[in-house]
Amino acid sequence: MGMVGGGRGAFIGAVHRMAACLDGKIELVAGCFSADPKKSQLSGKDLHLDPDRVYATFEEMAKAEAALPGDKRIDFVSIVTRNNTHFAIVKMFLEAGINVICDKPLCYDLNEARKLREIVRKCGKVFALTHNYTGYPMVKEAREMVRTGKLGTILKIVTEYPQGYATTALQGKTDGAISNWRMDPSVAGLSNCMGDIGTHAENLGRYITGLELEEICAELSTFVPGRPLDDDGNLLVRYKGGAKGILYASQISNGDENNLNIRIYGTKGALEWHQEDPNDLVFKAVDEPRRTYRRGNSYLSKAARENTRTPFAHPEGFIEAFANVYLAAAQAIKDEVTGRKPKKAYDFPNIDDGVIGMAFIEAAVNSAASKKKWTRFPKV
């Protein structure tokens with residue numbers, strides 16, 4: 001693999017590298033780790049890479065890697081830069097014939113997203129989007145429960161993603177204050193909170209249930225004075241087929257760290273999963289005691305078992321879930337590079353998930369600004 005972004009001081013780049021390398025099937029061999037050429041070289045040195053394959057610009061990297069023999073060039077690039085840079089970088093590598101794994105959200109706006117989808121379809125390369133929460137074994141178990149009808153007809157979906165870090169940590173007046181580029185509309189796009197974590201909540205509900213949004217009624221708020229974008233949001237949602245839902249995402253919910261959770265209610269039963277306690281999945285059947293399914297056990301579905309690395313009673317978490325996305329994408333990339341046809345559908349977020357995510361952001365912002373409130377989800 002190669003990487004664009006993720007140099008010294010970058011949090012998410014290190015997460016991607018750990019996840020990609022966890023199973024020993026992927027090796028980092030090249031990169032452009034910063035827009036600053038000196039920082040890129042120093043980051044490459046930190047990672048013990050060949051200096052000749054640490055590049056000053058992503059354009060130089062794409063051109064140089066594409067020119068290498070097939071057994072020498074990178075098989076894919078991982079893009080871990082800011083939202084407003086994704087489009088140009090993804091386009092460059094896809095058109096150079098290189099597969100892409102990209103951090104979410106897909107890009108800056110819905111228009112760019114649709115253009116990228118056309119490029120992906122035209123070039124035939126693998127594109128994966130790292131909605132990493134889909135990689136948890138018990139999320140996959142929840143999906144299987146819905147698929148096999150264990151919940152019956154889905155009636156309601158409640159998804160929450162509260163964080164509290166943005167209330168004070170980003171003011172620049174305290175020790176450890178961090179830069180929040182997601183609050184800059186020229187970099188992040190239309191939304192901060194909904195774009196950053198609300199998209200995860202939307203994607204999680206859609207991944208588990210398979211239901212598509214039809215209409216949303218959104219209220220987005222900016223609680224901390226001086227911020228140009230939202231730091232909190234509440235949505236009522238209507239799904240195609242009649243299910244209803246609530247989606248709440250917040251970065252000013254003091255006391256919460258990364259409390260993504262979901263509850264899905266059907267005519268036969270319900271399920272509940274919490275990201276901060278990811279090895280448990282609670283199933284609540286009608287007129288029966290609630291049951292807790294535990295990761296790593298033989299009674300789980302094949303999908304859950306195949307995405308588990310350690311035996312039961314040994315907890316797995318964030319890096320492993322991220323790694324499952326990389327592992328599934330790596331299989332698709334291997335098949336693409338060797339010309340093999342897949343035996344089954346690949347289980348990772350793709351370009352369509354990215355386009356839907358950008359449509360979600362746009363619909364939420366439009367709904368919040370509208371007096372009418374209920375906003376039809378855009379055609380994607």
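The values are calculated or read from the model by the stated rules, or taken from the named source; none is laboratory data. No experiment lies behind these values; they were computed from the predicted model shown. Neighbour counts are summed over all protein chains in view; Cβ atoms, including those assigned to glycine, are modelled from backbone coordinates with ideal geometry.
Just for region 218-240: of the residues that are among the hydrophobic types (A, V, I, L, M, F, W, C) and outside any loop (DSSP other than H, G, I, E, B), which one is farthest from Arg376 (Cα to Cα)? This residue is Leu220. Counting only helices (runs of 4 or more DSSP H) that fall entirely inside region 33-148 and contain at least 3 residues that are without any contact (Cβ under 8 Å) to a residue 60 or more places away in the chain, the qualifying elements are 37-46, 58-67, 86-95, 110-123. Could you check region 344-370 and list, in sequence order, the residues that are touching an Asp or Glu at 6+ places or on another chain (Cβ under 9 Å) and without any contact (Cβ under 8 Å) to a residue 24 or more places away in the chain? The one that is touching an Asp or Glu at 6+ places or on another chain (Cβ under 9 Å) and without any contact (Cβ under 8 Å) to a residue 24 or more places away in the chain: Tyr346. Of the residues contained in region 280-292, one or more are found to be surrounded by 21 or more Cβ atoms within 10 Å (Cβ to Cβ) and either modelled with pLDDT of 95 or more or within 21 Å of Cys102 (Cα to Cα) (or both). Just give me the residues in region 207-230 being of a type in the set (D, E, K, R) and over 19 Å from the mean Cα position of the chain (by Cα), in sequence order. The answer is Glu214, Glu215, Glu219, Arg227, Asp230. Suppose the filter is polar (S, T, N, Q) and not assigned by TED's automatic domain parsing to the domain that holds Glu202; does Thr130 pass it? Taking the combined requirement at face value, the residue satisfies it. Here Arg309 meets each of (1) in contact with a strand residue (DSSP E or B) (Cβ under 9 Å, 6 or more places away or on another chain); (2) modelled with pLDDT under 95 with one exception, condition (1).
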